[in-house]
Amino acid sequence: MIRTRVVGDLSTLPDHAFGLRSILFWGVIGFMLVEGTVFVLAGGVYLYLRGLSPTWPPEPVLPPSLIYSAIFTLALFATELPNRWLNRRARALDLRATRAGLVLMTVLGLALLLLRAFEFPHLNVRWDQNAYGSVVWMLMILHTTHLITDWADTAVFTVWTFTHDVGPDQFSDASDNCAYWTFVVWTWLPIYALVYWAPRLT
Amino acid sequence: MSAVPMPPADAEARAAAKLAETWGDRPGVWGWLTTVDHKRIARRYLVTTFVFFGLAGILALLMRLQLARPEGRLLSPDRYNELFTVHGSTMMFIFAVPVMEAVALYLVPLMVGARNIAFPRLNAYSYYMYLGGALTLWVAFFLNIGPDIGWFGYTPLSGPEYSPGKRADIWAQMITFTEVAALAVSVSIVTTILRMRAPGMTLARMPLFVWAMLVTAFMTIFALPSVMLVTSMLISDRLMGTHFFNYAEGGDVVLFQHLFWFFGHPEVYIIFIPALGFVSAITETFARRPVVGHTFMVLALVAIGFLAFGLWVHHMFATGLPKLGNSFYTSASMAIALPSGVQIFCWIATIWAGRPIFKTPMLWVIGFIVTFVIGGLTGVMVASAPLDLQLHDTYFVVAHFHYVLIGGAVFPLFGAFQYWFPKFTGRVLSETLGRWQFWLIFLGFQLTFFPMHLLGLNGMPRRVYTYPAGLGWEPYNLAATIGAFTIAAGAVIFVVNVVLALRRPADAPANPWDAPGLEWAVASPPPAYNFVDTPAVSSRTPLWEDRTSLPVMGGLATDYREIVVTSPVEAEPGNRQDSPDPTIWPFLAALATTVLFIGSIFSEWALVWGAIPLAIALTGWFWPKRTGPGGAPE
Ligand code: HEM
Ligand SMILES: [Cu+2]
């Protein structure tokens, strides 16, 4: 084995980091890229099938009702406010605020899931009715899966912060979790446009 | 250079002992199941991929036996369909893509001077998922419910109407397993490369194999979601009554092909680009000089990566949809022409300008270049319009894609295996046996696949289980079968070579080839922690800079698992971070995912009930643990 000669010292570097400086966040970005690609392709499938059909939605199906989705969408974007705040508090290593913010986000996430549950019966189509129904349900389920997993993750993590001694790396996790939520919020926008507005633009 | 005086040898030995304790695994089965050491996982991947390569090869031999003579009676038509499907699917999804990842998982952290891969638990999870997918396919095959729909499982053949039973679901779910694994690996590899390079290893100084893996991992991230999506849609059509591919209800069968080839076209490059990286590394070491035109090589790799996606579009719009599957491999080799031309030029220039030593790895490189040029020529042939129509769906296509896949990827892989085997195992493979292996496989390969071009020209279609006498196909088919058994003989010698080497004591030196990369700075095989101190890099060929000693940076903890994180471009040290300890959770999570995936073939409710154990396993996995000062979950 080759001999070594020491030319520097790494022990003075900081021992934790937030956001892009932390490698965990790069993993989160990696998965956002994967999931983002799935969303784009699923959107492509929607438009492709739409292009094949003389009417959209195919007769006699009605477009999805707007009311529940409007409430959901407004509520979803509203959660960005506490979410951003939580991110800032976590980065400031503010334990009390971080715990409170996590509890709040868990409660809001649950509320959003309830609202989402009202959307499905108002899609006005079943997944096994025709290809239009299949692709609408696919888009909705893809996004809902993200809501559920993020909610579960936040809930578990919240419990952890109340039962353990929180270190800098966990503040960093809390911050990454906020960034992921932002992803879940913004990816809804194109899906919302496709599911609820594309059938109305003809 | 302002070098601090050398640490006393016993201080270094003490640090090494402490690191061995910190980074070591528990002994026995528990250690096996809980390890997160990238080298152990990668070795496991390597062994598994080669086992399935062998199994898929046996299927190829059975097919060749059947086709050796007209009116063969060895296999029924149904069995033949299963054989080419399982052979093709195994080769593509269970051998070729994962084997490249396996080599990368072993080497990339070492090449960039890191202690472990970026996400070690994810990496462990990926292996078990991959294994789950491989076993799903092969257990089903042995239970006589193996898929029989071809390796690309087109609808409507694979849909609920034409493929009742579970065969098509097995195929689709095998893909989900292996693609989840490949995506996990790719995210890990990208992060390792961009954030964990040794201080001073700027992007411009990064080894070409690492560049190749960076491009490949990004391609994987963008291409694989497509095939996961399309197979999920297929399963959903088959099991939940959706109509994505059902023409009667507004679906479309061609949609399947679009999504499949958006993945399938880049897939060939995902196999091929790592092989280019092998060739560069081998050429550099055995030409005894840095690769000529390093920057052009990098640009060519990136260009191939981009072209791979651009080309899918050309496929869809320029070639006409019905001929899609056939012209696929053809245009792959066409588009590859320019940047691969650059690569071949630079390798030849490197060999020319160097003092080449023709050890076995180098033979594979030459075999690769020769075969690749022939493959390129046939690619040009198929592209000419009149021949095009004539040759599609014939054995010409079979010949052509085996040239690309075996000549372009498997030859470099064998070279890489011979080259890095000392690093993997601490033993050098025999040169004599290596040469026998090379010549048998190289010549056997030409004998198998060259005549298939002629068969194609004479009109023999692919995927036929037999053929009548008197069409003039007999001599070519017999030659192909003899060739296939010659390849098999080479493969047997390969296995013998490996087994004999493993029975010798592990006595390989750290750098048996006097190679320039950081992976050769550590013992063969490397200790669990890879490097006692973090290398400090100031050149593309660090070990050729100063042959007496390696500049390093100290200061990482030895009593818990700590790594250094550097900046993406300049690789400047930024912060220290904890790296996860061994854990059983990735294994349990993979088990839970397996139950969910397999269950979902039989009932959609598995998606609901199966989610519960999975959620528990993931909670255990992500439950933060406080080890170092930061406390590192993953
Ligand atoms: C080692 C020697 C090999 C032999 C003798 C061999 C032989 C064959 C044969 C006889 C077929 C069926 C042709 C037909 O009936 O249409 C086939 C198909 C195929 N092979 Fe190989 N093969 C070998 C290695 C490989 C490798 C290394 C790969 C990929 C990395 C590969 C990928 C494929 C694919 C994708 C198909 C198409 C399956 C389909 O039609 O669905 N083969 N091979
Ligand atoms: Cu193509």
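Coordinate-derived values only; no laboratory data. Worth saying up front: this structure is predicted, and the values here are computed from it rather than measured. Note that we place each Cβ from the backbone using ideal geometry, even for glycine, and neighbour counts take in every protein chain shown.
Tabulated results
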quantity	calculated
Calculated P(r) tail over 36 Å for the protein assembly as shown, as whole % of Cα pairs	48 percent
Efficiency of FRET from Cβ geometry, A:ILE141 and A:TRP197, R₀ 25 Å, rounded to 0.05	0.85
Extreme residue, positive dipole direction of segment A:22-200, given options A:TYR192, A:ILE71, A:ASN83 (C-beta unit charges)	A:ILE71
Mean residue ellipticity (222 nm) of chain B, computed from DSSP H runs ≥ 4 via -39,500 (n - 2.57), nearest 500	-21500 deg cm²/dmol
Degrees, to the nearest 10: B:167-195 long Cα axis against longest axis of chain B	30 degrees
Qualifying aspartates and glutamates (Cα of each under 18 Å from Cα of B:LYS18; at least 8 residues distant if same chain)	B:ASP10, B:ASP37, B:ASP533, B:ASP559, B:GLU562, B:ASP578, B:ASP581
Förster radius 41 Å - calculated FRET efficiency between A:TRP186 and B:ARG26, Cβ distance, rounded to 0.05	0.40
Candidate aspartates and glutamates for bridging to B:LYS166, where Cα separation is under 16 Å - those fewer than 8 sequence places away on the same chain excluded	B:ASP78, B:GLU82, B:ASP148, B:ASP237, B:GLU604
Aspartates and glutamates with Cα under 14 Å of B:LYS423, excluding same-chain neighbours fewer than 8 positions away	B:ASP507, B:ASP514, B:GLU519
Listed residues B:ALA134, B:THR85, B:LEU194: farthest to the positive end of the dipole of segment B:75-201 (Cβ charges)	B:LEU194
Interchain or long-range residues, amide H under 5 Å from B:MET460's placed H	B:TYR395
Normalised convex hull volume, segment B:584-624, alpha-carbon set, Å³ per residue	40 Å³
Residues B:LEU105, B:LEU55 arranged by fewest to most Cβ contacts within 10 Å	B:LEU55, B:LEU105
Exposure rule at most 11 other beta-carbon atoms within 10 Å, DSSP loop trypsin sites (Lys or Arg not before Pro): chain B longest free segment	B:74-546
In range of the label at B:ILE145: residues from segment B:577-599 whose backbone nitrogen is under 16 Å from the point 7 Å along Cα→Cβ	B:595-599
Percent of alpha-carbon pairs separated by more than 42 Å within chain B	23 percent
Principal axis box of segment A:22-200, alpha-carbon based, largest edge first, Å	59, 30, 23
Charge dipole (debye, nearest 20) of segment A:73-202; +1 at Cβ of Lys and Arg, -1 at Cβ of Asp and Glu	360 debye
Volume per residue of the C-alpha convex hull in segment B:474-532, rounded to whole Å³	131 Å³
Distance between modelled label sites at A:SER53 and B:ALA17, nm, 7 Å Cα→Cβ extension	7.3 nm
Fewest-first sequence of A:ASP173, B:ASP148 by Cβ atoms within 10 Å of each Cβ	B:ASP148, A:ASP173
Charged-residue dipole, Cβ positions (Lys, Arg, Asp, Glu), chain B about Cα centre, Debye nearest 20	1080 debye
Dipole magnitude of the protein assembly as shown about its Cα centre (Cβ charges: Lys, Arg +1; Asp, Glu -1), debye to nearest 20	1200 debye
Projected label distance in nm at B:ASN458 and A:ALA152, using a 7 Å step from Cα toward the beta-carbon	5.9 nm
Rounded to 5, the percent of DSSP beta bridges in the protein assembly as shown classed as antiparallel	55 percent
Value at 222 nm in deg cm²/dmol, rounded to 500, when DSSP H runs of n ≥ 4 in chain A each add -39,500 (n - 2.57)	-24000 deg cm²/dmol
Most positive-pole-ward Cα, B:ILE441, B:HIS294, B:PHE209, against dipole of chain B from beta carbon charges	B:ILE441
Under 5 Å, built H, 5+ apart or other chain: amide partners of A:VAL7	B:VAL552, B:MET553, B:GLY554
In nm, spacing of pseudo-spin labels at B:ARG355 and B:GLU71 (7 Å Cα→C-beta vector)	6.5 nm
